[in-house]
């Protein structure tokens, strides 16, 4: 069956590979590129643990074929910190205790970054709506919302 | 879960999509993929060839033209949600896009895919029935236009031929004193509707209902047009007892089955309640409210 040569830019670095069409983007990231920051949770387009940015849009990477990302820019959780400095969203999750087990955290942070890019100063309702595609089974979301508010304030202050 | 193998093509022109479709039995179109890819992973769908239309760039438009809102088949739910023309003039469509799945899915999922997949639990089919929308299909024999009322023929089935692709959705532009609303009950964000109701109506100068469309989601094998409820309201003043009567007729038109989302009686009761609420909201909007 069909094999395809793709070039996908992940966190600013171009990667080339020969892949089967059926390879999912999340498996490409985790198994072809060995970037395991992106998690696989439900496997059924429900939980959002696998959220990455594809050309600037937050998507569930378990529901996109890697071949579809040929020529695209992908940002994963590994691409958030710059020069050893945590991204404000990462700092927010740390400062506000936005996680317990941490399984949902990479996806939660990628959704948050996409939300804040669109809406830098969201209300609590807008935050909860923005992360409604991401499930956390530990925290009850209260501290996650606080973490996103922390990042929102910090990112606005930096501008 | 990994889907079985398949061939993959990503043409950039819609004519090449049609050629591939008509030349390959078992080919399927990949648009947003938010329903198809999970189905392939469960091996409920096993296409021999996936024709990815995401690189056909001239299919993503949303614009008004000559009395219609024309939406390219590849317009994403997120595009519809953020469209100014949709927000200001097509509140029923805006409502519908806003409650489909979750924001991550809406970044990928498309209007054309939502209709062509024809899952009775999908939200846009009822909305298109309420609007009296038209669906443009392209095949080897050219283009044809299908009324939404003729499009949904059965459980996950449409009147599309195997070698046709939906290219455009056409929604009638609103006239004066018109309004619409989509109301959905879901157990949680991302779930399919337990039941949902789409209403689009027009008032005459006296404030009587001159035209109304009512569509029902996930209470039958196909989306259902509640024609008796529509007829009961057409030509009449929208007063409380008549709206309640129409809501009951809509509940009778529903053909729900009991499942993990609720009993048959519960779903019928939801349809009645949502119908009357959607009518009130549509009335408010027809009178200039938001």
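Points to keep in mind about this one:
- Here, segment A:3-79 has an Rg and a Dmax of 11.0, 30 Å when only alpha carbons are counted.
- Residues B:266, A:150 in ascending order of nearby Cβ atoms (within 10 Å, fewest first): B:266, A:150.
- GNM top mover of B:94, B:265, B:247 - chain B, alpha-carbon springs below 10 Å: B:265
- Highest average packing first - B:96-105, B:60-69, A:132-141, Cβ atoms within 10 Å: B:96-105, A:132-141, B:60-69
- Max mean-square fluctuation residue, GNM over chain A, Cα-Cα springs under 10 Å, options A:27, A:15, A:39: A:15
- The protein assembly as shown, Cα convex hull volume normalised per residue, Å³: 148 Å³
- Folded to 0 to 90 degrees: helix A:142-158 orientation relative to chain A principal axis, Cα: 90 degrees
- 20 Å cut-off, amide nitrogen to a point 7 angstrom out along residue B:242 Cα→Cβ, residues in segment B:176-191: B:176-181
- Helix B:264-286 and the long axis of chain B differ in direction by around 80°, with both axes built from C-alpha atoms.
- Mean separation of Cα contacts under 8 Å (6+ apart) over length of segment B:40-90, as relative contact order %: 24 percent
- Across peptide A:52-60, the average count of Cβ atoms from other chains found within 10 Å of a residue's Cβ is 4.
- Chain A: radius of gyration over Cα atoms, expressed as a fraction of 2.2 N^0.38 Å: 1.03
- Summed over qualifying helices (DSSP H, 4 residues or more, each -39500 (n - 2.57)) and divided by its residue number, chain A shows a 222 nm mean residue ellipticity of -9000 deg cm²/dmol.
- Across all directions, the shadow cast by the convex hull of segment B:178-284 built on its C-alpha atoms averages 6.2 square nanometres.
- Kirkwood hydrodynamic radius (C-alpha pairs) into Stokes-Einstein, segment B:7-52, 37 °C and 0.692 mPa s, D in µm²/s: 304 µm²/s
- Chain A, relative contact order in percent, only Cα pairs under 8 angstrom and at least six apart counted: 23 percent
- One way to sum up the overall shape of segment A:58-115 is the equivalent ellipsoid from its Cα gyration tensor, whose semi-axes run 24, 14, 9 Å, largest first.
- Model label sites at residue A:125 and residue A:2, defined 7 Å from Cα along the beta-carbon direction, differ in position by 4.5 nm.
- Within a Gaussian network of chain A (alpha carbon springs, distance under 10 Å), most fluctuating of A:23, A:86, A:54: A:86
- Here the convex hull built on the C-alpha positions of segment A:88-158 has a volume of 70 cubic angstrom per residue.
- Extending 7 Å from Cα along the Cβ direction at residue B:5 and again at residue A:142 yields two label points whose distance is 5.4 nm.
- Sites residue B:66 and residue B:12 - FRET efficiency at Förster radius 25 Å, r taken between beta-carbons, to 0.05: 0.35
- Per-residue ellipticity at 222 nm computed for chain B from its helices equals -10000 deg cm²/dmol, with DSSP H segments shorter than 4 residues left out and the rest contributing -39,500 (n - 2.57).
- Kirkwood Rh and Cα Rg combined as Rg over Rh, evaluated for segment B:85-126: 0.95
- Contact order for chain B, expressed relative to its length and based on alpha carbon pairs under 8 Å spaced 6+ residues apart, stands at 16 percent.
- In degrees, nearest ten, helix A:105-118 long axis to first principal axis of chain A (Cα): 80 degrees
- Point-to-point label distance, residue B:19-residue B:147, nm (Cα→Cβ direction, 7 Å offset): 3.6 nm
- Across segment B:25-71, counting alpha-carbon atoms alone, Rg and Dmax equal 14.5, 44 Å.
- Note on B:97-109: average number of Cβ atoms from other chains within 10 Å of each residue's Cβ is 6.
Taken together, the values in this text are just the output of simple stated rules run on the coordinates, not laboratory data. Because the structure is predicted, anything quoted here is derived from the model rather than measured. Cβ atoms come from the backbone with ideal geometry, glycine included; neighbour counts cover every protein chain shown.
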